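The values are calculated or read from the model by the stated rules, or taken from the named source; none is laboratory data. Nothing here was measured: the structure is a model prediction, and the numbers come from that model. FYI the Cβ positions are ideal-geometry reconstructions off the backbone, even for glycines, and counts take in every protein chain you see.
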Amino acid sequence: MYIPDATLGVVRGLDQSDLENLGLSGLMVNTYHLVQQIGREKIIQLGGIKNLMKWSGLIASDSGGFQLFSLIQKNPNLGKITDDDVILYSGIKKQHKTLFTPEDSIRMQFAIQSDIMICLDDFTPPTADAKRIEQSVERTIAWAKRSKAEFDKQLTLHGFDQNNRPLLLAPIQGHKNGQARLACATALQEMNFDIYGLGGWPFVDGQFDYDFCSFNASLTPKDSLRFALGIGTPVNIIKLFLMGYQFFDCVLPTRDARHQRLYTWRVDPETLTLQDIKQLDLENRLDELFEYIYIAKGQFANDLNPISPYTKQVDISRAYLHHLFKAKDISASRIATLHNLAVYMQLMEVLRRD
């Protein structure tokens, strides 16, 4: 399943009928940003994010850990991460502080009424030394334990049973340190989570590190549910699917669409089988399946061909979309987003084939 970014309860530029027509099964919202934008009590009053959106599909909710890490990494004056919680400051003199704990994150996710909830974790920085990696893993394990305890408490408070309840995901941290990542995965499995996430940054010198992702998948049993958090391009998704990951979320197709970068198939996806995909992967030829179109280029100004002959959901020409972007019409981003998401949904259909 690919779950597009809907940080604040919206896939930018699209409405619910667009999402349903694409055949999307789920959306990813962000717990921290919804706390900041709407607040827990208001979300509860509104009946959860699904009721607010009138969305009937699955909702997964990012804990907000990566966003908090990014904010503080960019500007340490905004807060700090401690063993107990994340502290956020407001005001020049830091006169106000807000605590964001693993328990807060879980309670907010129950208010959102998510179907997949994610434990707050301490993201291991790509530049971390051995001490910081150890600290990140220890915090991630400790926070997962606290998150699980709060999750079980909330299940009871909300009257869920084991056959009808949300799922809880724990990210595995440790960056590229194999021992640390193994220790993290082992400790998390002892707590018996529903899904295990690929935590961390899967790039080395700008190159995607597939060995890292494969090692992470090997740390949980073969029948485990695995979520490749923040992944990725169509080729990334294929390769990680073949490693044993089943869930993917990424901002790329929607963000690229707004920046006039479109994904297209080089072959008809209807003709592809999963065996074809596996063979192309073995031959290192997956790039032959896709290409990218930068629709702002002048070469498309008179191109009356469809954006892609294989994406039936978006039936306009390249020339017209080029014109809409040049005219700065709001429909341009919407159409480009629809197209890119349609490509991702076609990819999901291919990967689900026997």
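Restricting the range 258-284 to residues that are free of Cβ contacts under 8 Å to residues at least 12 places away in the same chain and at negative phi, the residue that is surrounded by the most Cβ atoms within 10 Å (Cβ to Cβ) is LEU280.
Selection of the range 194-214 for residues being in contact with a strand residue (DSSP E or B) (Cβ under 6 Å, 6 or more places away or on another chain), touching a residue at least 40 places away in the same chain (Cβ under 8 Å) and either within 18 Å of SER136 (Cβ to Cβ) or exposed (fewer than 12 other Cβ atoms within 10 Å of the Cβ) (or both) yields GLY197, LEU198, GLY199.
Of all the listed residues (ALA185, ALA128, ALA180, ALA142), the sole one being closer than 15 Å to PHE212 by Cα, small (Gly, Ala, Ser) and more than 21 Å from the chain's Cα centre (by Cα) is ALA180. Elements of the type helices (runs of 4 or more DSSP H) sitting completely within the range 48-150 and holding at least 3 residues that are more than 30 Å from ASP205 (Cα to Cα): these cover 48-53, 102-112. Residues of the range 155-176 include at least one that is touching a helix residue (DSSP H, G or I) at 6+ places or on another chain (Cβ under 9 Å), farther than 24 Å from ASP129 by Cα, assigned to a helix (DSSP H, G or I) and of a type outside the set (Gly, Ala, Ser).
Answer with yes or no whether ALA296 is in a loop (DSSP other than H, G, I, E, B), over 30 Å from TYR245 (Cα atoms) and among the small types (Gly, Ala, Ser).
yes
Taking the conditions exactly as written (surrounded by fewer than 23 Cβ atoms within 10 Å (Cβ to Cβ) and more than 30 Å from LEU52 (Cα to Cα)), does LEU182 satisfy them or not? Criteria met by LEU182. Being closer than 22 Å to VAL314 by Cβ and either touching a Lys or Arg at 6+ places or on another chain (Cβ under 7 Å) or surrounded by fewer than 21 Cβ atoms within 10 Å (Cβ to Cβ) (or both) is the filter here; which residues of the range 239-251 pass it? Residue satisfying the conditions is VAL251 alone.
Of the residues making up the range 249-276, just one is farther than 29 Å from PHE300 by Cβ and touching a helix residue (DSSP H, G or I) at 6+ places or on another chain (Cβ under 7 Å), namely LEU274. The condition (being farther than 17 Å from PRO166 by Cα and either surrounded by fewer than 18 Cβ atoms within 10 Å (Cβ to Cβ) or touching a helix residue (DSSP H, G or I) at 6+ places or on another chain (Cβ under 8 Å) (or both)) is satisfied by just one residue among ASN51, ASN75: ASN75.
Selection of the range 123-137 for residues being in contact with a Gly (Cβ under 8 Å, 6 or more places away or on another chain) and without any contact (Cβ under 8 Å) to a residue 60 or more places away in the chain yields ILE133, SER136, VAL137.
So, LYS328, is that one in a loop (DSSP other than H, G, I, E, B), within 29 Å of the chain's Cα centre (by Cα) and modelled with pLDDT of 95 or more or not? Yes, satisfied. Among the residues of the range 215-231, just one is surrounded by fewer than 19 Cβ atoms within 10 Å (Cβ to Cβ), of a type in the set (Gly, Ala, Ser) and part of a loop (DSSP other than H, G, I, E, B), namely SER224. Kindly list the number of the only condition in (1) under 19 Å from SER105 (Cα atoms); (2) touching a helix residue (DSSP H, G or I) at 6+ places or on another chain (Cβ under 9 Å); (3) of a type in the set (A, V, I, L, M, F, W, C) that fails for ALA228. Here ALA228 meets the rest and fails (1).
Looking across the range 332-354, just one residue is exposed (fewer than 15 other Cβ atoms within 10 Å of the Cβ) and either part of a helix (DSSP H, G or I) or among the small types (Gly, Ala, Ser) (or both), and that is GLU349.
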